[in-house]
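Here the structure comes first, spelled out in structure tokens, and everything after it is commentary.
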Amino acid sequence: MRYKSVKLKEGVLLTVITDEKFKTENMSVTFISDKGEEAALNSALLTGVLSRSSKKFPSLMKINKALDDLYDAQLNADTARRGLYHIPRFTVSMLGNRYSIDGTDIRGGCLDMLYGVITEPDLKDGKFDAKTLITEKKQLVDAVADIKNSRGSYAVRQCTGELMAYEPLYSPRLGRLTGIDSVSAGSLTAFYDRVIKTSPVRIMFVGGDDDDRVYEFAEKLGDFLGDRQNYNVEDVIFKDAPDGLSYKTEALPVAQNVLCVGCTYDGDINDGQNAARSLFCEIFFQNPTSRLFENVREKLSLCYHCSAVAMTDLKKLIIYAGIDGKNREKAANEILKQTELIKKGMTEDEIKRCRAALKTELLAAADSPGRTAGWYGRQLLYGKEPESIAEFTKKLDSVTADDILRVASSVKPYLIYELGPAEANA
Amino acid sequence: MKITERIDKITRERYVSFRHKSGVKVLIAPNGYSTACAVYCSDYGGSDTKFRYNGKIYDTPRGIAHFLEHKLFETEDGGDAFKLFTDNGADSNAFTSQNSTAFNFTSSTADFYRCLEILLDFVHHPHFTDESVDKERGIIAEELKMYEDNPDVRCYYELMKCLYKNCSARYDVGGTLGSINEITPDLLYFCHKVFYSPSNMSLIVSGDIDINRLIKIMDGTVPDIRSHRAETVIPDEPEKVYKRSSVLKMEVSSPLFSFGVKDVPSPDKKVMRRKAAALSILLDMIFGESSEFYCELYEKGLLSGDIETSYSRGDDHAYLSVSGESSKPHTVKRRIIETIEKTIEQGVDDAEFTRCKKVFYANFVYSLQNSQSAAFSYLTFCREGDDMLKYPALLSSINANDAVSYLKQIYNADKCAFTVIKPDNQGG
């Protein structure tokens, strides 16, 4: 795997990663927007509106047909949240040109489309089309409402909201939609101008090989964007848990309750403890021999899944399990017991087993252009000198039980959130 | 042992295949990646509850194939195969479909051989006790309840219950909270004996591994059992749909819908593969995200998010479906019917059809982009004795007229069903 990094302009960075084993490739352009609800909402709407049309492809149908012609290339325009920052990103994923059977220049066509979508929006009188905005507002409202259809994800989102309630600048990915009515074609266009002119940009290509088209695309985009002040994403500051446990329930008529245990979780990407944290996650919840899986599911048969989401950017960890309402106390007690037990130590066998599992997972990530892009992309957002997957894998060997215990010691449960039928929550 | 090698000139993909002396079908596809994935699959799934074996008919509880999938991970010494895999750095999993049960692991190429031994060993050496079966019941009950809360899964099974009166496709692969209570260790042992004989199994590997070493491991771990092949008793199924429509209330944000047209499957799997490819391309063309149908309804706010189209088939069923989310599902249904009827009457543009074929060729290449998805793609073809590397050629041989003829052949108002999952406003 080869890695190249070029500063195109102040605040505009290009990273190129190539490996001939990749059969597919992707180019992404990521903007670090602002913190808070306004940025969340506008980023979500902006990516929706921009990916609907461009000057060259002035309708959704024209864009989608062109993507089909480029061998089902995928244009993904979405927004992420990291810490309190909202991050609009545009990615085109495509087959390597060697798979083109009719001479279509897949890479050239895809890069051209991506450039057009970002830099040449289909404006009417200098603004986004009002009708398009109305459609995208409805799509966004539906997308946020749909999160509820996936009970586990919804419960984790709600629990995260509760844990972050103290932070006025926290807003979930896609936002809370409270100010959606006040977003107009004019205000969204102004937001676009601000992002294009001021947000730091990370451009990344991952594919089988690089050629002039990759660099020409990046340079042209860099020239369009120009210099801007660079800044990086930052995590929230660690906040200690209040004493004791608090409880929160939400009524929803479901067959299976979702129990979440919200905890503190310390550490950041630059603290040199990433390998220890990865091993902690593996041992505690991430694989089928983990403490939570082994005890809550296998030994006590309380659930089908019991896992967790570790969010270093928010300094929170949320354990979740789908349970029968009548088992809530038993399940919560076992989860709390396991969060204490993990702080008391782990066997060498556990560490060895989880280290081996993690290494395979990393090998699989290095086989995938999408996962490779994710690996580097996250580090670049933090302005970190990227560590390769291979370098990180080596670091796992030097992690000790004490390192893992230090990570475990920051996990302190303080909120139990349960989603379930009203009567069960009574 | 006759070893066949196949190479595709365009994609440069290749594989070797053979039947191991035990009877297991084997396919190995080198992939150039650092990981290797093995999938070991029995032709035994959720549909195979009633079967003829040694001249006798057996009727077993629904969900038993899925229960067996869960329980096989317990090893003969009462240990756990998950743990053995993790000890060797492998990520393992399993799933049960209507017609098959597959166990898989992904590991580094170096750890592959030890993991393969684990895989073949635990699948062929079951260990069930009353206590462990009872314990698993609780876990599976929670799995079933999890799916019960999933609106997409509910919408899918509602459509199946409308399309089919008797066919097993209408039943959840995992069974019901009632049927899993009837499962005992003896029943599990019996079904294992019937359906996990080597001649009923396929082993697919995507990875750069040594074929001779693999054969040696198989020689030492796969039992040499020649048993009678069980024959699934397929219930009679009328050609018409069982019910034309159904509405289910659930805690959803906006209505979900699924429109289906019932087809009669042909026993010739190659005919079905061609038909499935042709209809899938056509459905994508007329309802997919580049279609007039989708773009117009999306822009009018009548469709939210993506639309799913497919022509699905199993041994005893086949149907086409169009599913999505809409605040006005019945308006969308009317538009679906109009679009199908217009397509049958006027045909479709050849150039547009060719564009859509590119999408399916691309999906074929995308399926090879990591060792696990490559192994599962090869499995689908291998189980049917088909050659996956001929798929691009199959796609290029299909034209728009073929596809429209298939649609004309299966479309009939008596064969259509429509399901809606409506928001239950009382909840929350």
Give the separation of the Cα centroids, region B:152-188 to region A:6-55, in Å. 44 Å
Kindly identify the protein assembly as shown as rounded, prolate or oblate by the Cα gyration tensor criterion: order the square roots of the eigenvalues as a ≥ b ≥ c, call it rounded if a/c is under 1.5, otherwise compare a/b with b/c, prolate if a/b is larger, else oblate. rounded
Relative to the longest principal axis of chain A, what angle (0 to 90°, nearest 10) does the C-alpha long axis of helix A:348-367 take? 10 degrees
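If you place +1 on the Cβ of every Lys and Arg, -1 on the Cβ of every Asp and Glu, and leave all else neutral, what size is the dipole of the protein assembly as shown about its Cα centre, to the nearest 20 Debye?
980 debye
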How many percent of DSSP beta bridges within chain A run antiparallel, rounded to 5? 80 percent
Give, rounded to the nearest 20 debye, the magnitude of the charge dipole that region A:102-231 has about its Cα centre when Lys and Arg contribute +1 at Cβ and Asp and Glu contribute -1 at Cβ. 940 debye
Between B:Gly32 and residues 5 or more places away or on another chain, the pairs with built amide H atoms under 5 Å apart involve B:Asp208
From the Cα centre of region A:179-197 to that of region B:195-272, the distance in Å is 50 Å
Would you pull out the residues with amide H under 5 Å of A:Lys316's amide H, same chain only if 5 or more places away, H placed 1.01 Å from N? A:Tyr265, A:Met311
What order do you get for B:Ser377, B:Ser396 when you list them from fewest to most C-beta neighbours inside 10 Å? B:Ser396, B:Ser377
Give me the extension gain from B:Ser327 to B:Tyr58: residue separation times 0.36 nm, minus the current Cα-Cα distance, reported in nm with one decimal. 92.2 nm
Mean residue ellipticity (222 nm) of chain B, computed from DSSP H runs ≥ 4 via -39,500 (n - 2.57), nearest 500: -13000 deg cm²/dmol
Could you check which residue among B:Tyr311, B:Tyr189, B:Tyr319 shows the biggest mean-square fluctuation in a GNM of chain B with a 10 Å Cα cutoff? B:Tyr189
Quick check on the exposure proxy: order B:His317, B:His330, B:His66 from fewest to most C-beta atoms within 10 angstrom. B:His330, B:His317, B:His66
Under a 10 Å cutoff between Cα atoms, tell me which one of A:Asp112, A:Asp349, A:Asp209 has the largest fluctuation in the Gaussian network model of chain A. A:Asp349
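Got the relative contact order for region A:1-155 handy, in percent, Cα pairs under 8 Å and 6 or more residues apart?
24 percent
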Within straight cross-link reach of B:Lys2, meaning Cα distance under 27 Å, which lysines are found once same-chain residues fewer than 8 apart are removed? B:Lys21, B:Lys25, B:Lys216, B:Lys269, B:Lys270, B:Lys390
Once both label points are put 7 Å beyond Cα along the C-beta direction, the A:Lys21-B:Asp268 separation in nm becomes 4.2 nm
Partners for B:Lys249 among lysines (Cα-Cα distance below 22 Å; same-chain residues under 8 apart left out): A:Lys148, B:Lys145, B:Lys161, B:Lys165, B:Lys328, B:Lys333, B:Lys422
If you line up the long axis of helix A:151-163 against the longest principal axis of chain A, both from Cα atoms, how many degrees apart are they, to the nearest 10? 80 degrees
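Per the helix-only calculation at 222 nm, which mean residue ellipticity applies to chain A, given -39500 (n - 2.57) for every DSSP H run of n ≥ 4 and division by its residues, nearest 500 deg cm²/dmol? Before the final figure, lay out the partial values.
Values: 14 runs with 172 residues, N = 426.
After summing the helix terms and dividing by the residues of chain A, the value is -12500 deg cm²/dmol.
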Using a 4.7 Å cut-off between beta carbons, which cysteines in chain A end up with no partner cysteine at all? A:Cys110, A:Cys263, A:Cys281, A:Cys303, A:Cys306, A:Cys354
Taking the alpha-carbon centre of each part, the distance from region A:287-364 to region B:15-30 in Å is 38 Å
What's the exposure ranking of B:Thr4, B:Thr380, A:Thr24, B:Thr60, going from fewest to most Cβ atoms within 10 Å? B:Thr4, B:Thr380, B:Thr60, A:Thr24
Can you list the lysines whose alpha carbon sits under 16 Å from that of A:Lys239, skipping same-chain ones fewer than 8 residues off? A:Lys315, A:Lys316, A:Lys412
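With r defined as the distance between the Cβ atoms of A:Glu387 and B:Asp236 and R0 fixed at 60 Å, what FRET efficiency is calculated, to the nearest 0.05?
0.45
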Once phi for every residue in region A:322-334 is put through the Karplus expression 6.51 cos²θ - 1.76 cosθ + 1.60 (θ = phi - 60°), the whole-Hz ³J(HN,Hα) values, with Gly and Pro written as x, are x, 9, 7, x, 6, 9, 4, 5, 4, 5, 4, 4, 5
Name the trypsin sites (Lys or Arg not before Pro) in region B:262-349 that are in a loop by DSSP and that have at most 12 other C-beta atoms within 10 Å, would you? B:Lys300
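Read the figures in this text as sums done on the coordinates, not as results from a lab. Computed from a predicted structure; not experimentally measured. Methodologically, a virtual Cβ is constructed for each residue, glycine included, from the backbone with ideal geometry; neighbour enumeration extends over all protein chains shown.
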